[in-house]
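The values are calculated or read from the model by the stated rules, or taken from the named source; none is laboratory data. What you see is a predicted model; the values in this text were computed from it and never measured. Here the Cβ positions follow ideal geometry from the backbone for every residue, glycine too, while neighbour counts run over all protein chains shown. Each accessible area value is taken on the protein alone, full model and side chains, heavy atoms only, with ligands, DNA and RNA left out. Shrake-Rupley method; radii C 1.70, N 1.55, O 1.52, S 1.80 Å.
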Amino acid sequence: MSTRLVVDLNRCQNYGQCVYAAPTVFRFHSEETLEYDYEPGDHVRDQVERAAAACPVQAIALDRATEELPR
Ligand code: SF4
């Protein structure tokens with residue numbers, strides 16, 4: 001099972017909290033371009049959740065690929 005990760009880059013203000021919380025998943029490609037793994041493994045799930053919680057503009061959404069969306 002994997003986690004599907006989506007970052008709304010229009011919303012992202014490059015604060016970098018996600019990079020700090022999950023450095024193996026998020027990184028800055030240049031000063032202003034955030035890169036991230038679209039399907040990070042379960043071993044970094046905790047980090048990804050921390051990154052999503054830490055983002056000041058709630059730009060990070062994550063889902064289990066096999067889970068139904070909550071109604
Ligand atoms: S914490 Fe949020 S605003 Fe900051 S770089 Fe990550 S996604 Fe962008």
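Worth a mention:
A quick yes/no check of all residues on (1) in contact with a strand residue (DSSP E or B) (Cβ under 6 Å, 6 or more places away or on another chain); (2) assigned to a loop (DSSP other than H, G, I, E, B); (3) within 12 Å of Tyr15 (Cα to Cα); (4) open to solvent by less than 60 Å² (accessible area, probe 1.4 Å):
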{"residue": "Glu32", "(1), (2), (3), (4)": "no, yes, yes, no"}
{"residue": "Pro40", "(1), (2), (3), (4)": "yes, yes, no, yes"}
{"residue": "Glu49", "(1), (2), (3), (4)": "no, no, no, no"}
{"residue": "Ala53", "(1), (2), (3), (4)": "no, no, no, no"}
{"residue": "Pro56", "(1), (2), (3), (4)": "no, yes, yes, no"}
{"residue": "Ala61", "(1), (2), (3), (4)": "yes, no, no, yes"}
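- The residues on offer are Arg64, Arg50, and the sole one that is modelled with pLDDT of 95 or more and more than 8 Å from the ligand (Cβ to nearest atom) is Arg50.
- Residue count for the range 1-20 satisfying the condition of being among the hydrophobic types (A, V, I, L, M, F, W, C), outside any loop (DSSP other than H, G, I, E, B) and more than 8 Å from the ligand (Cβ to nearest atom): 2.
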